[in-house]
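S.K.: Here it is, the structure in full.
The values are calculated or read from the model by the stated rules, or taken from the named source; none is laboratory data. As the structure is a computational prediction, the values presented were derived from the model and not from experiment. Counting neighbours? That spans all protein chains shown, and the Cβs are built from the backbone with ideal geometry, glycine included. Each accessible area value is taken on the protein alone, full model and side chains, heavy atoms only, with ligands, DNA and RNA left out. Shrake-Rupley method; radii C 1.70, N 1.55, O 1.52, S 1.80 Å.
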Amino acid sequence: MRVCRWAERAWDAPAIVARQLGVKRRRWDTVVVEVDPEALEARAVFGERALDSDCRHVVEHAPLEFAFYRDCLPHPGYPWRYVREAIHDADDRGLIETRRGKNGRIELRRKWRYPDWVSRLVAIENKPDLDASAARALAPQIERDVALGLADEVWVATRATGERVEPALLERLPVEAGILAVGGESVDIAWHATSLATEEPGTRILENPDPPSAARFEYVSPEWKAEKRQGIAERAYEKGWRSFVEHMRTDCRHFRIRDPDLPLPYCAAKGRHVTPRECASRCGELSPEPPAWRTRGWPIEGGPGKAVKRLLKRQRERYR
């Protein structure tokens, strides 16, 4: 979350920052989506919720004038009944207009053009204690990220040691991956990342045995990568990185956001910042707010826990 906060404040280009996003076989700790500001503004008319691949297929290909959906939408590669479900979902969300044509056939037309609002995608893997054993375990995964080329850049964030040469630079990580040295309130670039070929076919490494022998792999098309990149960006648009609060016990007496400008979860019982894994129902220090706190205000607004969620939601919406 410190890396997310740094990226949101210090990134050179306009960007949206999110946590724990990726594809089925890979999920990154931090994702930075660089955006075209004007196109992002045009994206806002489609609402705050993410558009999944089925919904985007409908919105992107909806015609200017009413037409039968099978005549105007390209075949998606899966049964048309799922397309009809996506059309109804898009209509319910006000993203397109529909009507019943001849013989009750579903016709649709566009309300707005879906913009190309994503410029670049940057993936950051967080590994605070990057010792030799951790680097050996991480290196194959970073090699897969580089070979696939789904993100424009791949970085590894590790705890700064203050040494003249950061130990992470001496580990056997792919040279294409950048390295961030994360201190208390600062993040320094120890090694710059190489831009990857996102618009070319990528290589998905399925198996890379140790000791080295023949690896199993398959190629993925640029179209597959473009679709997955857009899906990741849409989820980042909806979630942001402050969504951590949705999985934590904000209703606990000990939960704090001590500084709104540094919106990191703090536990008064533990006396330190905590992770979502630590702040859960199984925590031994959990002490839920009394019912009287949750019924303050009219209409019922809830206690401090609800206020924390509203604060972070406002911050997320304001930044977006």
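S.K.: Would you mind getting the accessible area per residue of region 158-242, heavy atoms of the protein chains only, 1.4 Å probe, in Å²?
M.R.: 60
S.K.: Net charge near A190, counting Lys/Arg +1 and Asp/Glu -1 over other residues with Cβ under 12 Å of its Cβ?
M.R.: Net local charge, A190 excluded: -2.
S.K.: Hey, another quick one. Can you tell me the order of 119-126, 272-279 when each peptide is scored by its average per-residue count of other Cβ atoms within 10 angstrom, highest first?
M.R.: 119-126, 272-279
S.K.: Using protein chains only and a probe of 1.4 angstrom, how many square angstrom of E285 are accessible, to the nearest 10?
M.R.: Per-residue accessible area (E285): approximately 90 Å².
S.K.: Follow-up question, since we're still on this one. If you place +1 on the Cβ of every Lys and Arg, -1 on the Cβ of every Asp and Glu, and leave all else neutral, what size is the dipole of region 159-256 about its Cα centre, to the nearest 20 Debye?
M.R.: With Lys and Arg at +1 and Asp and Glu at -1, about 460 debye.
S.K.: Using helices alone, I'd like the mean residue ellipticity at 222 nm for the chain: each DSSP H run of four-plus residues gives -39500 (n - 2.57), total over residue count, nearest 500.
M.R.: -9000 deg cm²/dmol
S.K.: Could you please report the charge total around F46, scoring K, R as +1 and D, E as -1 over all other residues with beta-carbon less than 10 angstrom from its beta-carbon?
M.R.: Once positives and negatives cancel, what remains is +3.
S.K.: Also: In the chain, carbon and sulfur make up what percent of the accessible area (probe 1.4 Å)?
M.R.: Working: 8550 of 17720 Å².
Ligands and nucleic acids excluded, carbon and sulfur reach 48 percent.
S.K.: Given K225/K309; K239/K306; K111/K239; K111/K309, which pairs have Cα atoms separated by over 27 Å?
M.R.: Result: K225/K309; K111/K309 exceed 27 Å.
S.K.: Could you point to the residue in F244, P37, P201 farthest towards the positive end of the chain's charge dipole, with +1 and -1 charges on the Cβ of Lys/Arg and Asp/Glu respectively?
M.R.: F244
S.K.: So if I place +1 on the C-beta of Lys and Arg and -1 on the C-beta of Asp and Glu, and nothing else carries charge, what would the dipole magnitude of the chain be about its Cα centre? I want it in debye, nearest 20.
M.R.: 1520
S.K.: Kirkwood hydrodynamic radius (Cα pairs, Å) of the chain?
M.R.: About 22.3 Å for the chain.
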